[in-house]
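J.: Okay, here's the structure, questions in a sec.
Derivation of every value follows stated rules applied to the coordinates shown; laboratory data play no part. The model shown is predicted, which means the values in this text are computed figures rather than measured ones. For neighbour counting, all protein chains shown are included, and Cβ atoms are generated from backbone atoms with ideal geometry for every residue, glycine included.
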Amino acid sequence: MTVPAPTESGTILTRDICRHHTMGTSVIHAVDGISFSVQGGEFIALLGSSGSGKSSLLNLIAGLDRPTSGDVQVEGRSLAELSSEELARFRRHSVGIVFQAFNLVPSMTVAENVELPLRLAETERSERAGRVREALARVGLSERLGHRPGELSGGEQQRVALARALVNSPRILLADEPTGNLDSHTGMDIMELIGDCNARLGMTVLLVTHERALAERYARRMLFLADGKLVAGQAYPPVGAGRAGQ
């Protein structure tokens, strides 16, 4: 399968990537020969049942894991050629990641949780407070800076997690079941914020979800996975309010 290499900021290209795990005498094909490309500013949804390889694929694109074979290129750079330190720098500056579990540090305030990526990126101290306030204002939590995660609702915690993913102004946002621990109304609020990142900020968004209705509302393209393989793709004109170009 030949996939044209993307050339714009925020682009992603995978070429026949595999991620296999050995368990005793068995080999688990978590990702099994997947190739596709994402243009800058696209909103792509990855769908499939549990165990289909969605999260494993996202981890490879995020540089959290390395493929057994094949190649992942982000903005023209092959992640396989990056050292562990370079991959950490890539994650700090190029991608923002939101997980189903909020992964907030319970002992830190909201502001401190959002500031953490800035500290890891060695951003000047004088810049941090303003960027934290801006990120929290974007997700509607300007009044919660001094609260701790345990004092927030699940939806508010996911908003903090999203602000933390956005604070370094990444060009790519990777969201792994971001509504999985939320009720439907709160989940829609989170999806509106993610859709806004795509529409207003021009971020490339890859959303892992098992909820087809969410994918159809917000994504421009859906990719379906099963048993670690890309089995189908579907593109259609945008119909949701949160999509780019609306």
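J.: Run L104 past the list (1) surrounded by 19 or more Cβ atoms within 10 Å (Cβ to Cβ); (2) in contact with a Lys or Arg (Cβ under 6 Å, 6 or more places away or on another chain) and report the number of the one that doesn't hold.
T.: (2)
J.: Can we say I44 is in a strand (DSSP E or B) and out of contact with any Cys (no Cβ under 7 Å at 6 or more places or on another chain)?
T.: Values: in a strand (DSSP E or B): yes; out of contact with any Cys (no Cβ under 7 Å at 6 or more places or on another chain): yes.
Answer is yes for this residue.
J.: Hey, any hits in region 61-82 for a residue that's under 23 Å from R200 (Cβ atoms) and either free of Cβ contacts under 8 Å to residues at least 40 places away in the same chain or touching a Pro at 6+ places or on another chain (Cβ under 8 Å) (or both)?
T.: No, region 61-82 has no match at all.
J.: If you don't mind, there's one more thing I want to ask. Would you point out which residue out of S94, S84 is within 20 Å of the chain's Cα centre (by Cα), more than 27 Å from E42 (Cβ to Cβ) and surrounded by fewer than 20 Cβ atoms within 10 Å (Cβ to Cβ)? Lay out the reasoning, then the answer.
T.: Numbers: S94 fails: more than 27 Å from E42 (Cβ to Cβ).
None of the other options fit; the residue is S84.
J.: Could you list, in sequence order, the residues of region 141-163 that are out of contact with any strand residue (DSSP E or B) (no Cβ under 8 Å at 6 or more places or on another chain), under 23 Å from V95 (Cβ atoms) and in contact (Cβ under 8 Å) with a residue 40 or more places away in the chain?
T.: Residues satisfying the conditions are P149, Q157, V160, A163.
J.: Still on this model: From the list V74, V27, which one is farther than 30 Å from L145 by Cα, of a type in the set (A, V, I, L, M), buried (at least 19 other Cβ atoms within 10 Å of the Cβ) and in contact with a strand residue (DSSP E or B) (Cβ under 8 Å, 6 or more places away or on another chain)?
T.: Details: V27 fails: buried (at least 19 other Cβ atoms within 10 Å of the Cβ).
Selected residue: V74, the only one of V74, V27 that is farther than 30 Å from L145 by Cα, of a type in the set (A, V, I, L, M), buried (at least 19 other Cβ atoms within 10 Å of the Cβ) and in contact with a strand residue (DSSP E or B) (Cβ under 8 Å, 6 or more places away or on another chain).
J.: Starting from region 186-203, take each residue that is without any contact (Cβ under 8 Å) to a residue 60 or more places away in the chain and over 10 Å from L166 (Cβ atoms) and list its partners that are surrounded by fewer than 17 Cβ atoms within 10 Å (Cβ to Cβ) and of a type in the set (S, T, Y), counting only C-beta distances under 9 angstrom and pairs at least six apart or across chains.
T.: T186/S153
J.: Between A175, A129, A163, A135, which is surrounded by 13 or more Cβ atoms within 10 Å (Cβ to Cβ) and in a strand (DSSP E or B)? Show your work before the answer.
T.: On the way: A129 fails: in a strand (DSSP E or B); A163 fails: in a strand (DSSP E or B); A135 fails: in a strand (DSSP E or B).
Going through A175, A129, A163, A135 in turn, just one is surrounded by 13 or more Cβ atoms within 10 Å (Cβ to Cβ) and in a strand (DSSP E or B): A175.
For (1) part of a helix (DSSP H, G or I); (2) of a type in the set (S, T, Y); (3) within 20 Å of A62 (Cα to Cα); (4) touching a strand residue (DSSP E or B) at 6+ places or on another chain (Cβ under 9 Å), each residue gets a yes or a no:
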| residue | (1), (2), (3), (4) |
| --- | --- |
| I190 | yes, no, no, yes |
| D196 | yes, no, no, no |
| A199 | yes, no, no, yes |
| L206 | no, no, yes, yes |
| E216 | yes, no, no, yes |
| M222 | no, no, yes, yes |
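J.: Still on this structure: Just the residues that are part of a strand (DSSP E or B) and either β-branched (V, I, T) or without any contact (Cβ under 8 Å) to a residue 40 or more places away in the chain (or both), please, taken from region 16-41. Explain how you work it out, then say what you get.
T.: Taking region 16-41 first, the residues part of a strand (DSSP E or B) are 16-23, 26-38.
Matches in region 16-41: I17, H21, T22, M23, S26, V27, I28, V31, I34, S37, V38.
J.: Quick one: is A111 surrounded by fewer than 18 Cβ atoms within 10 Å (Cβ to Cβ), of a type in the set (G, A, S) and touching a residue at least 12 places away in the same chain (Cβ under 8 Å)? Before the answer, list the steps.
T.: Working: surrounded by fewer than 18 Cβ atoms within 10 Å (Cβ to Cβ): no; of a type in the set (G, A, S): yes; touching a residue at least 12 places away in the same chain (Cβ under 8 Å): yes.
The answer is no for A111.
J.: Could you check region 200-219 and list, in sequence order, the residues that are closer than 17 Å to G96 by Cβ, surrounded by 22 or more Cβ atoms within 10 Å (Cβ to Cβ) and not β-branched (V, I, T)?
T.: M203, L206, L207, Y218 - these are the residues of region 200-219 that are closer than 17 Å to G96 by Cβ, surrounded by 22 or more Cβ atoms within 10 Å (Cβ to Cβ) and not β-branched (V, I, T).
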